[in-house]
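Okay, structure first, notes after.
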Amino acid sequence: MLLFLLSILYWKATCEVFSSYEDLRNINKIEDHLVTLLSEYIHNERERLDTLERFNQYVENGKDYTDPGDNYISYPTNQFNVIHRFVADWNNLEDWTKSRNEDLSSAFRTYKQFFPRQEDVDGAIKAIHRLQDIYKIKASHFSRGDPLVPEEGSGRGEPFNEQALLLFVKTAYESEQWLKCAGWAQQAYYQIQTLKKYDPPTSTIWFEIADYFSYCLYKAGEIQHAIEVTAEILVHYPHNKRILGNLEHFNIIRKERHVKDKSKSKRSVISEPLVNLGEVKEEEVNVTFIPKLYPGADETVLTWEDIENDIQDKFNTNRVRRMKVYRKMCKENPPLTPKMKKQVDRLTCYYKQNTPRSYLKPIKVEVAWPSPRILLFHDIINDEESDILIGLAQPLLRRATVHNKSTGKLESAEYRVSKTAWLYDNLAKDKEQIVRRVNRRMEDATELSHEYAEDQQVNNYGMGGQYEPHYDMNTLYDQKVQKRRPTVSGNRIATMLVYLREPDAGGATIFTDSGARLVAKKNSAAFWYNILPNGDPDLITRHAGCPVLAGTKWVMNKWFHHNDQIFTRPCDVQQFKREKESKLYNGKYTI
């Protein structure tokens, strides 16, 4: 072919070809060459189109396009898969389809600015890990597509593929969470073995997952099972020097431990032995089970002892205790002491009719907790108002920030994962003045003046969104040590938390120092005082927003400040005194 091309360079075609046999012969060779190139192009195009079709079917099969709602992205596995596809697939598909389809090219140019980035994938992985920790969900349940449904095959979410599972393994590995790393690697390892999508001797992803699996098992203390997985790797990669070195090191460690303690390891919790491919032929292996591993990997999350050991150098004892309570209360109601149970049993409901507006339309009040006294105002807003408030907030949403105690600046943080927007009374887009109407209704319910209250803060919690235990007001520590002074309007005397939209699962509001746990209910509002009658902060009002497990959570905060409340809530010099029969809880309104 090269000689032909060189000869063509010296051949000068005349205006006619038919009159010379030599010219016809050259033209015929040119056509043969073009056919060869065209065949290669068609073959490459067919492969390209087959790849595009497989990806398109993969996305379509995972979604129910007959459902016009947002049910698909209600589940954390689907949320992650959407983000991961944009970063791993759609960006590459843009290059594949460029200059071939103007509609697609135009769409890519328009939407590219909204595409998720790598930081979104990293945040989504951390969110899944957070949900796994707090709600004690197995990696296998996430992998199957729906952590809410433990039975295999009954999940409503889209399963994780091996590439996605490997990302979870790597993140846990990099943060040295060995039990969690081994759990996700275990699921990826099992998935590859059972589905048989990859041929171990030639599969890079099989080797990578097995490699992580063996090392994380070793670091988690499961040395025997680390040896078994390492031996399996060497069946297919017998000359890999690093893996051979790992096996030698693992055997030395096993012998040392055997000498120190001949008894069964306290972490030996694999109930069935892993299949050792080093002793049997590959075709005879039939993995039909997921081996039950150690706490923290797949069966449960890290034990509290593990958490304490992991963070004891970073946080003080009180922080550890609070996080322990936080994790437990997010999952379930705490047990009550007999004395507290008697108080809770006496809680009641009533109608509030203390203003002309509330007299015409009484406010439904439920005493949700005795101390601190937490009230629930049911149906404080309606569905239409809730939707309008969300619509006003959506274009204004920004990542929520917290006060950095070291720098004094506002910045984003892992312990507060949400987006916020501020709605003020004269918002231009609020043509129906919903914000002002809701503010007046809050004044009727709480009897607190809106003069020195903050604007409405709308929060949207998405994938694993949370706000770990915190105070709403400035504590004495904040004021004395951190030099944080209340504004001219005074400290935050009270909080009103309106639930605009409730999540499908998770997202409870908990009070870690008092045991109160509120499940979000749309259009209801929780209310409590942050300040004692003598003006000191009430330290049992520390509260948290638990991670959203499924769906989305929209809330609206309203913080009332101390100034201008003197006639509504007069000061009392008695320290730690709390209202028992305040205006907000008057027996004559009890029903």
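For the reader, a short list of remarks on this structure follows.
- Output for the range 165-193, where each listed residue is within 17 Å of Tyr218 (Cα to Cα) and of a type in the set (Phe, Trp, Tyr): Tyr173, Trp178, Trp184, Tyr189
- Residue within the range 468-476 that is farther than 30 Å from Val367 by Cβ, modelled with pLDDT under 90 and not hydroxyl-bearing (Ser, Thr, Tyr) present: no
- Condition met for Tyr173 (open to solvent by 60 Å² or more (accessible area, probe 1.4 Å), at pLDDT 90 or above and assigned to a helix (DSSP H, G or I)): yes
- Scanning the range 207-243 for residues that are farther than 15 Å from Trp184 by Cβ and within 29 Å of the chain's Cα centre (by Cα) turns up Phe207, Tyr218, Gly221.
- Taking each residue of the range 417-432 that is under 27 Å from Lys126 (Cα atoms) and looking for partners that are of a type in the set (Val, Ile, Thr) and surrounded by 17 or more Cβ atoms within 10 Å (Cβ to Cβ) with beta-carbon atoms closer than 6 Å, six or more apart or interchain, yields Ala421/Val458.
- Residue ID - surrounded by the fewest Cβ atoms within 10 Å (Cβ to Cβ), chosen from residues in the range 522-546 that are at pLDDT 95 or above and either touching a Leu at 6+ places or on another chain (Cβ under 6 Å) or of a type in the set (Lys, Arg) (or both): Lys522
- In the range 444-479, the residues that are in contact (Cβ under 8 Å) with a residue 60 or more places away in the chain and either open to solvent by 50 Å² or more (accessible area, probe 1.4 Å) or on the phi > 0 side of the Ramachandran plot (or both): Glu447, Glu451, Tyr452, Gly464, Tyr471, Leu476
- Taking the criterion of being among the aromatic types (Phe, Trp, Tyr) and surrounded by fewer than 24 Cβ atoms within 10 Å (Cβ to Cβ), the only residue of the range 489-521 that qualifies is Phe511.
- Within the range 555-591, the set of residues being among the aromatic types (Phe, Trp, Tyr), at pLDDT 80 or above and open to solvent by 10 Å² or more (accessible area, probe 1.4 Å) comprises Trp559 only.
- In the range 408-426, the residues that are of a type outside the set (Lys, Arg), open to solvent by 20 Å² or more (accessible area, probe 1.4 Å) and part of a loop (DSSP other than H, G, I, E, B): Gly408, Ser412, Glu414, Tyr415, Tyr424, Asp425, Asn426
- Restricting His239, His141 to those that are modelled with pLDDT of 90 or more and open to solvent by 10 Å² or more (accessible area, probe 1.4 Å) reduces the list to His239.
- Candidates Glu102, Glu94, filtered to the one that is of a type in the set (D, E, K, R), modelled with pLDDT under 80, open to solvent by less than 70 Å² (accessible area, probe 1.4 Å) and farther than 29 Å from Leu131 by Cα: Glu94
- Within the range 332-356, the set of residues being surrounded by 15 or more Cβ atoms within 10 Å (Cβ to Cβ) and basic (Lys, Arg) comprises Lys352 only.
- Within the range 328-363, the set of residues being free of Cβ contacts under 8 Å to residues at least 24 places away in the same chain and either of a type outside the set (Lys, Arg) or touching an Asp or Glu at 6+ places or on another chain (Cβ under 6 Å) (or both) comprises Glu332, Pro335, Thr337, Pro338, Asp345, Leu347, Pro356, Tyr359, Leu360, Pro362.
- Sub-8 Å Cβ pairs linking a first residue in the range 516-544 that is farther than 17 Å from Pro469 by Cα to a second residue that is assigned to a loop (DSSP other than H, G, I, E, B) and among the basic types (Lys, Arg), at least 6 apart or interchain, are Leu532/Lys577; Leu532/Arg578; Pro533/Arg569; Pro533/Lys577; Pro533/Arg578; Asn534/Lys577, ordered by first then second residue.
The values are calculated or read from the model by the stated rules, or taken from the named source; none is laboratory data. Treat the numbers as computed from the prediction; the structure is a model and nothing was measured. Note that each Cβ is placed from the backbone with ideal geometry, even for glycine, and that neighbours are counted across all protein chains shown. In case anyone asks, the SASA skips ligands and DNA or RNA and just uses the protein heavy atoms, side chains included. Shrake-Rupley method; radii C 1.70, N 1.55, O 1.52, S 1.80 Å.
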